[in-house]
Amino acid sequence: MEHGDHGMDSMDSHGNMTGMMLNMRRKWLWTNATIVGLGFWLISSPFTFGYTKPGMIWSDVVSGILLVLFATLAFFPRFDFLGRWSISLVGIWLQFAPLVFWTTSPAAYVTDTLIGSFAIALSVLVPSMPGMAHHMEMAKLGPEIPPGWSYNPSSWHQRVPMIVIAFAGWLISRYLAAFQLGFIPTIWEPFFGQGTVNVLTSEVSRKFPISDAGLGSAAYTLEMLMAWMGGKTRWRSMPWMVTGFFILVVPLGVTSIVLVILQPVVVGYWCTFCLLTALIMLLMIPFTLDELVAMGQFLKQSVREGNSLWRTFWVGGTLNVENRDERTPEYGAPVSQLASAMAWGVSMPWTLSVSVLLGVWLMLEPALLGSTGMAADSNFIVGALIITVTVIVMAEIVRTGRFLNVLLGIWVIASPWLLTGGATTTKPVNITVGILLILLSIPRGIVKEKYGDWDRLIV
């Protein structure tokens, strides 16, 4: 009887779980139906808009068929997970298909990127979708704020700046991609004449197998979507996604910034929009780092509590700690409070502000003082690196990284003696700038927030 009772309890528990999942699915079946409609839209697009490239025709037709197939499978509880995540993979492909086939049709570019974005959003970003049930349950149990932290790095207030910045980057990159793909005959350059055209059509740009501006647009799209994904406890309920978002923003972002920095040196021209996209990518980095650290601390503590690192990384978990997020302002709070919450974890002491100005000066110094050759290139590159390092360490959690500016300051002092092309006044000016940069890098500056056991690393 005991064995039978236990079996009945298991069946009831399984039945309750199945019933809960079915009820959640019913709320979001419209997403599957919408994706089916988008699939047929995609199938008909090559013939409606007159695609001329066979690769684009086959890509849209096959992708549309796959969207219909996977969305139909997702109607069945057994195939829900497979169907939805397969849809998201098709959506990611659609972001890149117009670039891979170098489409000459604006309609194809718009159709694929928009349908791809909707496919990803409707398949895996809907917060209450059945596959998110586990994460929703975890969000109700355990801490909302990482232990020892003074704020929640996964709150919507923290993610809004990243979404807004990524959207701005997407608009600019899409404009640049339109020129590279031939949709528009010319492009506006407010300051540097033909600079933007020369950069976008340079040998460096042509070495990319796809439009580099289009690649940036696709990256910004994925960043926006990933910033939307998950709830306010995703630092512990979705470690895989936080890691993916970090990889997309930081390593790829730094690579993009370095490429833009090198363009005036390698190509020989300035590009206003290229510099602007690099700045936008740079501004996203300090808003991203705190959530990654919180996620890393959670995984470390979870393993200490005896949980599997691999399983926790992919499905999330909780901690034997309870705390509520009572600091994050509610909807309808004064604008000043909402704006302040968006900037938690990022601060700009005067020392860092002045360091940015020194970096800007070094970038402008060759034009102002008349430096040429390697000395001019060095000042431009080092100035841009100083700005990059300084903006990143505005994130309090990596403030210790400001000491990298000490090394850059030493190079600024030494470079006029090691490189040719410096103007008469370059040596005293560089010595002054280098010494100031070193001195400004010594004080830590104000750190307003708490980060648990990470606080001891912020020196």
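The values are calculated or read from the model by the stated rules, or taken from the named source; none is laboratory data. Computed from a prediction, not measured in an experiment: that's the story for all the values here. Every residue, glycine as well, gets a Cβ built from its backbone with ideal geometry; the counts of neighbours run over all protein chains shown.
Before moving on, here are some points about what is shown:
- Residue match in the stretch 218-225 (condition: part of a loop (DSSP other than H, G, I, E, B) and within 19 Å of Val160 (Cα to Cα)): no
- The one condition in (1) in contact with a Phe, Trp or Tyr (Cβ under 7 Å, 6 or more places away or on another chain); (2) in the same structural domain as Pro146 (by TED's automatic domain parsing) that Gln337 fails to fulfil: (1)
- Residues of the stretch 68-80 satisfying the condition of being out of contact with any Ser or Thr (no Cβ under 9 Å at 6 or more places or on another chain) and surrounded by 15 or more Cβ atoms within 10 Å (Cβ to Cβ): Val68, Thr72, Asp80
- Filter result (surrounded by 14 or more Cβ atoms within 10 Å (Cβ to Cβ) and either free of Cβ contacts under 8 Å to residues at least 24 places away in the same chain or under 11 Å from Phe101 (Cβ atoms) (or both)) within the stretch 45-54: Tyr51, Lys53
- In this structure, Ala395 qualifies as of a type in the set (Gly, Ala, Ser), buried (at least 16 other Cβ atoms within 10 Å of the Cβ), modelled with pLDDT of 95 or more and more than 24 Å from Val266 (Cα to Cα).
- Just one of the listed residues (Thr288, Thr255) is among the hydroxyl-bearing types (Ser, Thr, Tyr) and touching a residue at least 40 places away in the same chain (Cβ under 8 Å), namely Thr288.
- Among the residues listed as Leu368, Leu364, Leu357, the single one being over 28 Å from Glu291 (Cα atoms) and modelled with pLDDT of 95 or more: Leu357
- Selection status of Val447, outside any helix (DSSP H, G or I), in contact (Cβ under 8 Å) with a residue 12 or more places away in the chain and among the aliphatic types (A, V, I, L, M): yes
- Test: residue in the stretch 218-238 that is of a type in the set (Phe, Trp, Tyr) and touching a Lys or Arg at 6+ places or on another chain (Cβ under 8 Å): yes
- Residue match in the stretch 323-336 (condition: assigned to a helix (DSSP H, G or I) and in contact with a helix residue (DSSP H, G or I) (Cβ under 7 Å, 6 or more places away or on another chain)): no
- Considering only residues in the stretch 282-316 that are under 25 Å from Trp344 (Cα atoms) and in a loop (DSSP other than H, G, I, E, B), the one that is nearest to the chain's Cα centre (by Cα) turns out to be Thr288.
- Pick from the stretch 164-194, criterion in a helix (DSSP H, G or I) and polar (S, T, N, Q), ranking: farthest from Glu223 (Cα to Cα): Gln180
- Among the residues making up the stretch 226-264, a single one is buried (at least 21 other Cβ atoms within 10 Å of the Cβ), of a type in the set (Val, Ile, Thr) and either not assigned by TED's automatic domain parsing to the domain that holds Gly195 or not in a helix (DSSP H, G or I) (or both): Thr233.
- Hits in the stretch 337-360 - residues which are assigned to a loop (DSSP other than H, G, I, E, B) and closer than 23 Å to Pro146 by Cβ: Ala343, Trp344, Gly345, Ser347
A quick yes/no check of all residues on (1) surrounded by fewer than 18 Cβ atoms within 10 Å (Cβ to Cβ); (2) more than 16 Å from the chain's Cα centre (by Cα); (3) of a type outside the set (A, V, I, L, M, F, W, C):
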site	(1), (2), (3)
Gly169	no, no, yes
Ser173	no, no, yes
Leu176	no, yes, no
Phe179	no, yes, no
Gln194	yes, yes, yes
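- Of all residues in the stretch 401-418, at least one satisfies being basic (Lys, Arg) and over 26 Å from Gly268 (Cα atoms).
- Of all residues in the stretch 413-429, none are crowded, with 22+ Cβ neighbours inside 10 Å and within 24 Å of Ile285 (Cα to Cα).
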